[in-house]
Structures are given as C-alpha cells and as structure tokens.
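Undergrad: Have a look at the structure that comes next, please.
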Amino acid sequence: MASASESYCGVCEAQDVVKAAAFWCPECNEGICTSCEKHHRASRGTRKHEITSMDDYKQIPPIIASINQYCSEHDKKYQLYCSQHEQLCCPLCITTNHKKCDLKCDLLAIDEVVKTARNSALFEIMEQNLKEMKNNIDRIVEDRRQNLEIIKQQRQGFQKDIKEMRAKINIHLDKLEQEIQQDLQAAEQKVMSQINRFVQKVSDHEKTIDELQNNIAPTKRFATDLQTFFGGKIFEAKIQEEEKFMTSLIEDSGLQQIHLQYKLDNKMSDILSMTKIGEISVTTKPSTISMTTDREKQAQKRIPTISKTINDINLTLLKQFEISKGENGIGITGCTIMPSGKIIFVDQSNDRLVIHNDNGIFFCAIPVSHRPLDVTCIDENTVAVTHNAEPYYIEIINIVNRKTVRQIKTSNQCYGITNEKGRLLYYERGRGIQTQDVNSGSTVTTVVKVDEGVWNYVATSNDRIYHTINNTNSVTCYTVTGQKVWEYKDVSFVDSVHGVTVDNDSNVFVVSY
C-alpha cells in the first residue's frame, strides 16, 4: 500500500519539489501529481501506462499492491511468465533460473497471459467459492444453534420424564403402602377377633367353674345326705367336663402364640440399593450438513454415473424394530426419513407422529390434528403433514419443540405429499396434484388435474412426478409441468396401491395395501 513517500509525486520529488500525488503508475511504481499526469499521458514512453487514482490505489489490498512490475533481483521489467514454476520472469531470470523452462515452452508472454485476467472465469469461480464457503459457515453456525436448541429441548424433555417417573413412582408407592396398611389392619382384626372369641369361650367356662365353687360349700353344709351323695356325682361329672375342656385347649393349639409377620418385597430392596435413577450420556451422529464447493460441483458433473436397473438391486434388511401401539392400536399411513436419519411415521389411528432415531430406538411421539395421513421432510426440524378429515389443511410442524408452525388451508381431503426443492406437491381429492411454496405460502397451482378418489400418493425424482392411483391400481409418471410420460397397470403386481418412492436410478417402488 502507498507509503508516506508514495503519497507524493515522484517526478516532482526528483526536482526537489514536494507535491501530493493524485495518481499512481504501477509501471513506473511511483505517484504522479495532476500536472505531471498530463505529461505522463502525452510522453511517448509512458502514454500506454495504465494509471489509477490514488483513492482507487489505496483500496488495493497490500498483498496485491506489493506485486511489482520489475524484478527485485535484476531490476528488469517482467516480460514472461513461467507456467511450470508459476513465476514472473525478466530477461535475466530466463538465462539464469528458467533455461530448461524455455526449452519446454513453459514461458509465456506476460502481455498475452494478463490480457484476459480481469475478465477471467477464475475470479468468478473464486467469488462463487467464497460465497459457498460463507454460506457453509452460516449453515454451520445455524446448525450448531439448532443443535443447542435440540439439546435444550432434550434436557427439558428428560427432566420432565424424570419428574413424571418420580411422580408415578411416588403414586405407585403410596398405593402399595395403602394396600399393605389395609392388609396389616385386616390381619390384625382377624387375629383380634379370633383371640377375643377364644377368650369369650374361656370366660364362659370360668363362670361355670365359679358356679361349681359356689355350690359345693352350701351342698356340703345344708343338703341332706342323699342330696349330698347324688349332688357330689353331679358336681364330679361337671368338673370332669371342665377338665376335658381345659385339656382340649392345649391339644387343639388354642393357646399357641399368634404373631404378625412382615416381609419386604425383594424389588423394594432393589430400589433402596439403587445408586442412580439413570445415566446421562453424550452421543454423536454424522453431520447432516453436506458442504460442497462450486469446484466440486463442477467436478461431479464431469464424472459419469452408471445407472442401476431393478435387476441389479438386492434388498437387504438393515434393521427391524417395533412401533409402540397407542390407545387405539396402530395405523401407519405414511412415513419420511430426515437428513439425520430419524424416521417419522404417521399413526392415523392415534392422531400422532411417532419418531424413531436412525438406530430404530423410540425418540418421541407428537400429537397432531385429526386423521393425519402422510408426512414429508421440509428440513431437519420441520415436516409437513396432510389430513383427510375436516378442517382441511396441511400442518407444518416443528418436531423439536413439537408445535404447529402454521397451517396451509386446502379445499378437500389431502393424501400423499412430498417436498420438491422447497415446493410441496400433494394430492387433493377432487383437484388432483397441487403445488405450493412451503415458505412463502404462495398461490396453489394445479400440476395435474385428476379426480381419482382417495388414498393416492405422490413422489418426485429428476424432474418427474410419480402418482399412485388407488382406484385404478395404477402408477403414472408426469413431467413437472403435468404432461403424462407413462402409466403402469398390472393387478397381479399392483393391487390397491398406496405409497410410492423413487431411487437415484429412477427405479420406482410402490406399496400395496
């Protein structure tokens, strides 16, 4: 960049005159004042020099401004460019450092090399690359912000689950305590009743013994001999009966000690031996961001691809897992896979979305409006859900905070839905395949006018729309503008057709009900 000396006119300085430079000549490598600029333009040796204003010159980055027109080693003007070493060369450089390059024809005239530099596609590519990198950084920052939000939501969700589990445990333990207290009281009452009956029985015989004791003395004292004789026999018989009763108390275990016992359930001991409710761990998953520079895109376009036919494809079972039933059983009518690998199922029977992670582990369930049917991914955190019941609308749902972002009103029942480059394509009964911008909420456009009943699904791939028609058991392919390309019907293969998807080689997969 211009130093203090460069801010003054070099021509005037040579004449011991100090004048501010208004222009800069890169070939002369010095500043020029307004007066000298006219002479500079008129002089035969300098009239072809491209000069620039000092204001513009000062905007040139220092690393660029430091590039000189003259060789720092030989003080000669650069004339050639060595493409092998990517270096500027003066005539002396050629004879010393680049002799072999001259023989290999790696030396190019600078005038020819720099002629198209300003308008070179290289700068456009570099600007595009920088723009791509800036976009990538913005996406990374947004992705990390969203990740933090997801972590926050997970933490809140886990805290809620822990509190709910603690509350359920408390309620359950209170119930168990109440039941054991009732059992304890019942056992005590039963034993008390048993002992009281026994005591009452013994007390009745005690009265009999008291009566015998009270009758023996008067009989001996006042009764006649005959009465005394036979009375003694009577007393003796009754005493024997009481002796038998006393003996029976010992023999029939009537005098055994009765105790209440309590045994703690082993599972309760397990709870008391627990050192923690659960474990918190941090897991990582592959990034959902794919960063591709413009150069890589261009390279990918040049790489030929070999399409696979359906005969080249072998299906492999990757994972099997069970989707938990709801109060009304389960009825899966649609699904989508998010960039992170999460799988989102539509459970129409319970008006909910069921989410499993990429390992098949249950993540969460999100309640939605009545009779959801199909779902498609908008971005990592947002999905669109169709409904085939009133009120008719498409629901845009944030799966992180589990809230409805907005609703897109429709005229009738909606069935299959897909997202094609920011536009929703969906089948609406009575109107056909409709399209609408997912973000701006622009006017709905009919892509294919068709009224073929219900339970129709759609998919898109490579500027093609694929439409399953349940009533006619057919699969139809359209262009993005709605022209029919082909139609397939074969009841032996496709009967009561529903879902449809397409792979990267344009092989179409459909699901029959």
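Undergrad: About its Cα centre, what dipole magnitude does region 68-226 give when the only charges are +1 on Lys and Arg Cβ and -1 on Asp and Glu Cβ, stated in debye to the nearest 20?
TA: Roughly 160 debye, rounded to the nearest 20.
Undergrad: Turning to a different aspect of this structure: Would you tell me the accessible area of Leu315, worked out with a 1.4 angstrom probe on the heavy atoms of the protein chains, in Å² to the nearest 10?
TA: The accessible area comes out at roughly 150 Å².
Undergrad: So which GluC sites (Glu not before Pro) in region 1-69 end up in coil per DSSP with only 11 or fewer other C-beta atoms within 10 Å?
TA: Answer in residue order: Glu50.
Undergrad: Solvent-accessible area per residue for the chain at a 1.4 Å probe radius, Å²?
TA: Normalised by residue count, the accessible surface of the chain is 69 Å².
Undergrad: At 1.4 Å probe size, with the rest of the protein present, what percent of the exposed accessible area of region 379-513 is carbon and sulfur atoms?
TA: That share works out to 45 percent.
Undergrad: Using a 1.4 Å probe on the protein heavy atoms only, what accessible surface does Thr275 show? Give it in Å² to the nearest 10.
TA: About 130 Å², ignoring ligands and nucleic acids.
Undergrad: Leaving out ligands, DNA and RNA but keeping every protein chain, what accessible area does Cys9 have, in Å² rounded to the nearest 10, with a 1.4 Å probe?
TA: Roll a 1.4 Å probe over it and Cys9 shows about 0 Å².
Undergrad: Now a separate question. Quote the FRET efficiency, to the nearest 0.05, computed for Arg144 versus Asp503 with a Förster distance R0 of 30 Å and r equal to the Cβ-Cβ distance.
TA: Values: r = 32 Å, r/R0 = 1.06.
Step by step, r from the Cβ atoms, then E = 0.40.
Undergrad: Something else about it: Taking the simple approach of a point 7 Å from Cα along Cα-to-Cβ for both Lys263 and Lys99, what is their distance in nm?
TA: 10.5
Undergrad: Subtract the Cα-Cα distance of Ser287 and Lys160 from 0.36 nm times their separation in residues, and report this length gain in nm to one decimal.
TA: Stretched out fully, the Ser287 to Lys160 stretch lengthens by 43.0 nm.
Undergrad: If r is the Cβ-Cβ distance from Val480 to Ala167 and R0 is 41 Å, what FRET efficiency results, to the nearest 0.05? Provide the component values of the computation, followed by the final result.
TA: Numbers: r = 53 Å, r/R0 = 1.30.
With R0 = 41 Å, the Cβ-Cβ based efficiency is 0.15.
Undergrad: Out of these labelled values of semi-axes √(5λ) of the Cα gyration tensor in Å, [x] 43, 27, 21; [y] 99, 39, 22; [z] 38, 30, 25, which was calculated from the coordinates shown here?
TA: [y]
Undergrad: Given 0.36 nm per residue, what is the gain on full extension from Ile323 to Thr445 after removing their alpha carbon distance, in nm?
TA: 40.3 nm
Undergrad: Relative contact order of region 339-434, please, whole-number percent, based on alpha carbon pairs below 8 angstrom and at least 6 residues apart.
TA: Rounded, it is 18 percent for region 339-434.
Undergrad: Okay, next question. Quick one: pull the percent of accessible area on region 1-103 belonging to carbon and sulfur, 1.4 Å probe, ligands and nucleic acids left out.
TA: Heavy-atom surface of region 1-103 belonging to carbon and sulfur, 1.4 Å probe: 50 percent.
Undergrad: Compare the Cα positions of Gly231, Val113, Thr208 along the charge dipole of the chain (+1 at Cβ of Lys, Arg; -1 at Cβ of Asp, Glu; about the Cα centre) and return the one farthest towards the positive end.
TA: Going by the charge dipole, the pick is Val113.
Undergrad: Here's another thing I want to ask about it. As an exercise, use a Förster radius of 51 Å and the Cβ-Cβ distance of Ile67 and Ile277 to find the FRET efficiency, rounded to the nearest 0.05.
TA: On the way: r = 67 Å, r/R0 = 1.32.
My answer for the efficiency is 0.15.
Undergrad: Here is a follow-up. What distance in nm lies between label points placed 7 Å from Cα along the C-beta direction at Ala187 and Gln87?
TA: Between Ala187 and Gln87, the simple spin-label model gives 10.0 nm.
Undergrad: Would you mind calculating the relative contact order of region 6-148 from Cα pairs under 8 angstrom and at least 6 residues apart, reporting the percent as a whole number?
TA: Rounded, it is 13 percent for region 6-148.
Undergrad: For every helix of n ≥ 4 consecutive DSSP H residues, a contribution of -39,500 (n - 2.57) applies; sum these over the chain, divide by its total residues, and give [θ] at 222 nm rounded to the nearest 500 deg cm²/dmol.
TA: Using -39500 (n - 2.57) per qualifying helix, the result is -12000 deg cm²/dmol.
Undergrad: Sequence gap at least 6, Cα distance under 8 Å: using those rules, report the relative contact order of the chain to the nearest whole percent. Walk me through the intermediate numbers first.
TA: Working: 689 pairs, mean separation 25.6, N = 513.
RCO, the chain: 5 percent.
Undergrad: Sticking with this structure for a sec: Between Glu243 and Asn412, with labels modelled 7 Å along Cα→Cβ, what's the label distance in nm to one decimal, could you check?
TA: 10.7
The values are calculated or read from the model by the stated rules, or taken from the named source; none is laboratory data. Predicted model, so just to flag it, every value in this text is computed and none were measured. Neighbour counts run over all protein chains shown; Cβ positions are idealised from the backbone, glycine included. Heavy atoms of the whole protein, side chains included, go into the accessibility calculation; ligands, DNA and RNA do not. Shrake-Rupley method; radii C 1.70, N 1.55, O 1.52, S 1.80 Å.
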